[in-house]
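A.B. asks: Just passing along the structure, written as structure tokens.
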Amino acid sequence: MDQVTFRSDTVLSDVHLLLPNACHLMKRLNGVGQPVFTSKFRILRDYNGKDSGCDSPVHENSDASNVPRDEDGDLDVVRRPRYPTCNRDAVCPVILSQSAVTLTDQDEDSEEEEEDGDIIKIEHTMATSLEDVGKQIWRGAFLLADFILAQESMFKGATVLELGAGTGLTSIVMAMVAKTVYCTDVGEDLLNMCQRNVTLNKLHFEPQDADLEFCWTDAEVADLHDNTTVLIAADVCYDDDLTDALFRILYRLSSNMRHPSTSYISIEKRLNFTLRHMDVACEAYDHFRHCLDQLQQMTDGKMNFTVEPVKISFSQFFQYERVDQLELWKVTAERL
């Protein structure tokens, strides 16, 4: 039941490639039969991130030595055969929706676990179509979460907006430090999963009661405009159109906020072989860097943007593989 079924449009998060399926606790099936898992992530307060290039499993008590590998030492991922009778359209994939079945208080109490202030619980999937990658957990979210915990004083008492929050992991970590966090994404099914994760971690902060309908109130819009000073986005630049949309909204938001704002954007430079180049390329990353350059060179007479990379020398608070391809960028916006 916890095996992942691969299709032609399946995207699997690198975070889970080193982990046996037994390390995850399946809670339910979503609308199209994909398993939804709850994983626990421990904040390692005394963990030094400088030696973070190891193949450390994400979950506590995991053993990466049990992961099957081929004769060359590469991961041996077992794939299920693709059956021609599959009723899922690979060209127009179905957007996953969370099942209406939820855990009752009795179910939660049956776990008989002590509340741990250094444990974060996240519901997520392991494999999705490209349109639903927000339901997975990505290394960029862990990198940004590490930075937040390493720079707690910087965000203490701040009002923060996260764009493309996905499962909400980074927003949840930020909420442990900041005054207010607006956790945003697209799609009611994804927002339901995110809201569920907020509830699972309510011991870390005081979540506000949300209506069943996801919408902005006039008071929230006013607070966002008057008090937001930090924007964050984790691993959301994997598609050129989405990257363009991200930079458009960054400009629109920062130019309408009362105070100067600082954005932190994490990204993983993913290398892929492309037929167009007949070589290994990183087109999504290249477009992201192009957009950064355009933003910094903008001369509209209204805004000034400063772009700079953040050195990845801060401590690592979560167990994941902090690969060299992970980057964090800082964008400062000021009115002229």
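Where a number appears in this text, it was derived from the coordinates with a stated rule and is not lab data. Please read these numbers as outputs of a predicted model, since none were measured by experiment. Note: ideal-geometry Cβ built from the backbone for every residue, glycine included; neighbour counts use all protein chains shown.
A.B. asks: Given 0.36 nm per residue, what is the gain on full extension from SER315 to GLN296 after removing their alpha carbon distance, in nm?
C.D. replies: Between SER315 and GLN296, full extension yields 4.0 nm more.
A.B. asks: If the reach is capped at under 22 angstrom between alpha carbons, list the lysines near LYS40, excluding any in the same chain fewer than eight residues apart.
C.D. replies: LYS40 reaches LYS27, LYS121, LYS135, LYS202.
A.B. asks: Enumerate the amide H contacts of TYR238 below 5 Å, restricted to partners 5 or more residues apart or on another chain; note that Pro and chain-start residues carry no placed amide H.
C.D. replies: Amide H neighbours of TYR238, under 5 Å, 5+ apart: none.
A.B. asks: If you don't mind, another one. Rank by packing, highest mean first: peptides 130-139, 215-224, 234-243, with packing defined as the count of other Cβ atoms within 10 Å averaged across residues.
C.D. replies: Ranking the peptides 130-139, 215-224, 234-243 by packing returns 130-139, 234-243, 215-224.
A.B. asks: Another question, if that's okay. Taking square-rooted eigenvalues a ≥ b ≥ c of the alpha carbon gyration tensor, is the range 193-336 rounded, prolate or oblate, where a/c under 1.5 means rounded and, failing that, a/b exceeding b/c means prolate? Show your work: numbers first, answer last.
C.D. replies: Values: a/c = 1.80, a/b = 1.23, b/c = 1.46.
Taking the square roots of the gyration eigenvalues as a ≥ b ≥ c, the range 193-336 is oblate.
A.B. asks: Starting with the fewest neighbours, write out MET193, MET303 ranked by other beta-carbon atoms found within 10 Å of each beta-carbon.
C.D. replies: MET303, MET193
A.B. asks: Another question, if that's okay. Let's test the formula: R0 of 45 Å, r as the Cβ-Cβ distance of LEU336 and HIS287. What FRET efficiency results, to the nearest 0.05?
C.D. replies: 0.95
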